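J.: Pasting a structure here, questions to come.
The values are calculated or read from the model by the stated rules, or taken from the named source; none is laboratory data. Everything quoted here is computed from the prediction, not taken from an experiment. So basically every Cβ, Gly included, is an ideal-geometry build from the backbone, and we count neighbours across all protein chains shown. Surface accessibility is based on the protein's heavy atoms, side chains included, excluding ligands, DNA and RNA. Shrake-Rupley method; radii C 1.70, N 1.55, O 1.52, S 1.80 Å.
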Amino acid sequence: MNKNELKEGEIYTATNGNIVKYIQLEDKYECINGNHISGNQSGYSTQGGAFHFKDIKLSTPEEKHWLECCIAANKFIPKERVMQSFEPEFVLPEKWFIKVTDENKEILSNWRNAGGKVFDGYLNGNYGNFRGVWTPYIPTFRNPIEISFEQFKKYVLKEESTYEVGQRKVNEARRPVVVQKPQIVAKPFEIRTRCLKDNRRIKSAINAEGNIFMVNDIITPIEQNSVNKGKPFKIIGFRMNSTGDGLCAITQTHSPYGIGIDKIEHYIKPEVQTKVPFKDVIKLIQEDLKESNLDKARRLYPKGTIYKPLFGKNVKSSGQFSYFQHTKNIMQGFGLGLVYNDGVWAEILGYEPQIGDEFQIKRPYSDTYQNIIHIVTNFNGSYDNPNSVITFKQKDNHQWIGTVLLKNIKIIK
């Protein structure tokens, strides 16, 4: 980067990973320094650091956001935490369209120059020398991108100059506009007017924070001492304030003088939480805890279980089951080992020990079992032959290896 391209207050990233806000210029060393995040991205400093012009480049929006947050907190904040509050830049597409609704129908009708009143459907943003070409279907020519009504008000109306609806003046093509933060205008207020055929009325206004207010918008006062703070009011018009340097929004309550647009914000209806009766809460919890048939199949027929399927020959379970929605069956595979159908479960015949299974050995001349745990290392035989031999090792002493008959063990599941 060249020296004359540097801007004071801009944020740059060095080749070694440092992210620095240009505060001070050191001509002697052809370097800049300032608040920065270290190259290993594990610390934040307000002192030191010298970054040569040729070793830096303009930071990405994510890197800028990260450093600004560290500067605001005056300490290092991990990137993962900071990125939770990062909002990507919005780029107004060159080709876009918007869905026509009852909410935006009047505004879109006044904005377009490709006809009069619009109906339910879609509006193409730019189509040759025309804007607002109506279509009943989603536009596909040149692959336009859909934008919301809020984006239309914030980025399309805000970038346009005043125009006359009656004469339908055609504006020259506009380039996409990149907007990251609301633009603070130089004057206290920017007034946007709409000149109608029969009279002149102020239809919308932008305050110093970049918020757009329009007739029919629902707003609420923001002053802490206002008795109407948090209550919704519908804008029915605008008027100049007493000093003539700003606008007031007129509502049924704030009439005839209105309320300054620097003292209002758009009203957001609070979410209403429906209280659920206690018995219904218990029911929901019980349903949530209810075991599904698929989970039940995995529990009842673990790997090595021998069972008689609802049709076909005996099957050894693999422990993996699938649920088939159209037949409401549960089986190991398509047409293999049907284990459940319409409330009926397959009969369990036995269990064939698997390598890695844990078990206890029966005490001689007793129906009790030893406390020592053993692990299966090999199995020779069949689940239905009690004299089949199991090779094992002791769980806590892998050097103790032995054999035992199937009839003398108890598998621990």
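J.: With a 1.4 Å probe and every protein chain left in place, work out the accessible area per residue of the stretch 49-135 in Å², rounded to a whole number.
T.: 56 Å²
J.: What are the principal axis extents of the Cα atoms in the stretch 322-413, in Å, biggest first?
T.: 52, 27, 23
J.: Something else now. Note down the net charge around Pro139, summing +1 for each Lys or Arg and -1 for each Asp or Glu among other residues with Cβ under 12 Å from its Cβ.
T.: Net charge around Pro139: +2.
J.: Taking amide H positions as placed in the peptide plane 1.01 Å from N, state which residues far from Phe76 in sequence (5 or more) or on other chains have amide H under 5 Å from it.
T.: When sequence neighbours closer than 5 places are left aside, the close amide H contacts are Tyr44.
J.: Still on this structure: For the pairs Lys54/Lys95; Lys95/Lys229; Lys296/Lys410; Lys7/Lys75; Lys105/Lys263, flag any whose C-alpha to C-alpha distance is greater than 30 Å.
T.: Numbers: Lys54/Lys95 38 Å; Lys95/Lys229 40 Å; Lys296/Lys410 22 Å; Lys7/Lys75 24 Å; Lys105/Lys263 28 Å.
Pairs exceeding the cut-off: Lys54/Lys95; Lys95/Lys229.
J.: Once both labels are modelled 7 Å past Cα along the beta-carbon direction, what's the Tyr365-Ile401 spacing in nm?
T.: 3.2 nm
J.: In addition: Using amide H atoms built 1.01 Å from N in the peptide plane, name the residues 5+ places from Leu92, or on other chains, whose amide H lies under 5 Å from its own.
T.: Counting only residues 5 or more places away or on other chains, the set is Val177, Val179.
J.: Another one. With a point put 7 Å past each Cα toward its Cβ, work out how far Ser226 is from Leu6 in nm, to one decimal.
T.: Rounded to a tenth, the inter-label distance reads 4.6 nm.
J.: Debye calculation, C-alpha points only, no solvent: report log10 I(q)/I(0) for the stretch 307-372 at q = 0.20, 0.28 Å⁻¹, in the same order as the q values.
T.: Per q value, in the given order, log10 I(q)/I(0) is -0.80, -1.23.
J.: Counting Lys and Arg as +1 and Asp and Glu as -1, each charge on the Cβ, what is the dipole of the stretch 67-154 about the Cα centre in debye, to the nearest 20?
T.: Details: 12 positive and 11 negative charges, 36 e Å.
Result for the stretch 67-154 is approximately 180 debye, rounded to the nearest 20.
J.: Could you let me know the centre-to-centre spacing of the stretch 66-99 and the stretch 292-337, using Cα atoms, in angstrom?
T.: 50 Å
J.: For the stretch 359-413, give the percent of accessible area contributed by carbon and sulfur heavy atoms, probe 1.4 Å, rounded to a whole number.
T.: 48 percent
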